[in-house]
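Notes follow the structure.
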Amino acid sequence: MKVLFLLSPVRELPQVLELAIPTLVGNLGPHEGVMLDLYYSDKPVFKAVREAVETVRPQIIALGGMSCQFSVTRRIAEFLRTNYPSILLVAGGWHVSGCLADGLENPGSFLPFDVLIYGEGEHRLREVCDLVAAGDRDFSKVPGIAFRQGETFQRTAERGLQELSTLAVPSRQAYYKEGGQRFFKRRAYFIHCVETTRGCLYNCSFCCSPAIYGSKLRTFPIERTLADLTQLRELGARHILFTDENMTNDLEHFQKLWLEIEQARVHQMHFALYTSTRQLVRHPEIIDVLERFGIIPLIGIESFTKAKLAYFNKQWISGDTNLEALELLRKRRVYPLVSFILGSPEDQVDDLRLPFRTLASIDLNVMISPAVLTPFPGTRLRKQVLEEGLVEDLEYDHYNGITPVLRTRYLSRKEVSRLRNEELVRYYFRPRYLKNLAREVWRRRLPLVLIQFLQMFTPIYYLNSDFSVRLDRRWLRLLLKLIRTPTKRIDQVSWK
């Protein structure tokens, strides 16, 4: 039996290739999975979908995505429901899981679908495929899903977390061979995602992870990770992002994994991984690994103030811990990408500027990724800000972590966006950043220099949001004309 997976034409970071769908394809068992990435298709969406359906002739079509992609996903499902009513339509992913965790407040938005899969989907989807292949449509037999009954959805029995040792490696080559899909032959130009663990020991109020993985940390067998890295290297991949919520939580597994990676000779690629300042301060030996393999650490500091960290349920770190970890990295010349959150309910002008100014004071070219507080479905934060009446934009299209959708008690959404963009420009074009960049050129660390140089165009990426922000800098307006961000949003999608 064949399953066609449709990847959204809307993408905030198109250079980062999908991991979840190749993993689902790799775990279908006797069933065949084919992926069509609509972002890279050279045809309008409906035409590309129609050609793929008529060529592959699937019995099931699976769709998913984040909240900001879901209206496009639903529109594709409506097209399929009208033109191919006999095909079973399945939806899953972060948005579906979050909405079901909240009790599916608006079931009407999911009516084009037959089955909703929440949580980890590998075993659930395979069991749905087994039923359909056997001619059975009694989906109540599959725990951990919801299936449509008339105008509502019926949830089946709850299901525990999967045993990760039972999962096969992702299928990285199952893309539909159509037009623009040839682009995937240039795999060295993409960032490929790999996972070594699932789950997180913490329960931050803004995080979607507990809705899918719970609060338990599980590790994949090292042999599986090595097999995945090996196939990626053979396909020509050069850039790897480990998507674990915190790859260093299990320190013993982390150290053993990198030893095995080196022995298997798959370490000669560019790596990035998520870690925390708490782990870096408690276990400085992690920095030894980062330095040895040239790894870029991705660190979510969220804030430097105690009150905001408590609001995010991150009392397990502090502003002093964040600064201490960054100082350790500075001494070793390990360059992190730091993310933090703006737009909390109590934020005022000085609160928004604080993380930019604090990071600018460090003699290290810290790459930054400021996010705005976003109440994603399935998070504790969503219930809290809805009750406080701070959410002004309920359109999930804008729930991308870039466009402000809630106001603070002192600032409007436009003011939050304007202040963020102004501080981004000041941060990346300050003399110290340029001086440190020249120093790394002198040291011939050219890949790092290229990454830091490209980060200087981050303000343009943020300016391409729903708000039209005018900055009184003629050179910046010129850059906006000369450089096009590769981001594709809903209003840029060609349908017919």
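Summary value for the chain: 15 percent relative contact order, contacts being C-alpha pairs under 8 angstrom separated by 6+ residues. Overall, the chain carries a charge dipole of about 1920 debye about its Cα centre when +1 sits on the Cβ of Lys and Arg and -1 on the Cβ of Asp and Glu, all other atoms neutral.
The aspartates and glutamates within cross-link reach of LYS435, meaning a Cα-to-Cα straight distance under 14 Å and a gap of 8 or more places when in the same chain, are ASP363.
Relative to the Cα centre, the charge distribution of segment 51-123, modelled as +1 at Lys and Arg Cβ and -1 at Asp and Glu Cβ, gives a dipole magnitude of about 180 debye. Once the chain from GLU54 to LYS141 is taken as fully extended at 0.36 nm per residue, the excess over their C-alpha distance is 28.3 nm.
A straight Cα-to-Cα reach below 18 Å connects LYS47 with the aspartates and glutamates ASP37, GLU78, GLU178, ASP491, residues fewer than 8 places away in its own chain not being considered. Ordering of 343-355, 111-123, 67-79, 255-267 by packing is 111-123, 67-79, 343-355, 255-267, highest average first (other Cβ atoms within 10 Å, averaged per residue).
Taking 0.36 nm per residue of separation and subtracting the Cα-Cα distance, full extension of the segment from ARG409 to ALA307 would add 35.2 nm. Within the chain, CYS68, CYS99, CYS129, CYS193, CYS200, CYS208 have no other Cys Cβ under 4.7 Å of their Cβ and so lack a disulfide-compatible partner by this rule. Once the Kirkwood radius over Cα pairs is known for segment 2-164, the Stokes-Einstein relation at 20 °C and 1.002 mPa s delivers a diffusion coefficient of 135 µm²/s. Packing-based ranking of 144-150, 192-198, 409-415, 30-36 yields 192-198, 30-36, 144-150, 409-415, ordered from highest to lowest mean Cβ neighbour count within 10 Å. The long axis of helix 222-234 is offset from the longest Cα principal axis of the chain by roughly 90 degrees.
By definition, a body whose alpha carbon gyration tensor gives a ≥ b ≥ c is oblate when a/c is 1.5 or more and a/b is not larger than b/c, and segment 375-420 fits this oblate description.
Overall, segment 2-164 carries a charge dipole of about 400 debye about its Cα centre when +1 sits on the Cβ of Lys and Arg and -1 on the Cβ of Asp and Glu, all other atoms neutral.
Quick note: the coordinates plus some simple rules give every number you see, no bench work behind them. Only a predicted model underlies this, so the values are computations on that prediction, with no experimental measurement involved. When we count neighbours, we look across all protein chains shown, and the Cβ atoms used for this are built from the backbone with ideal geometry, even at glycine.
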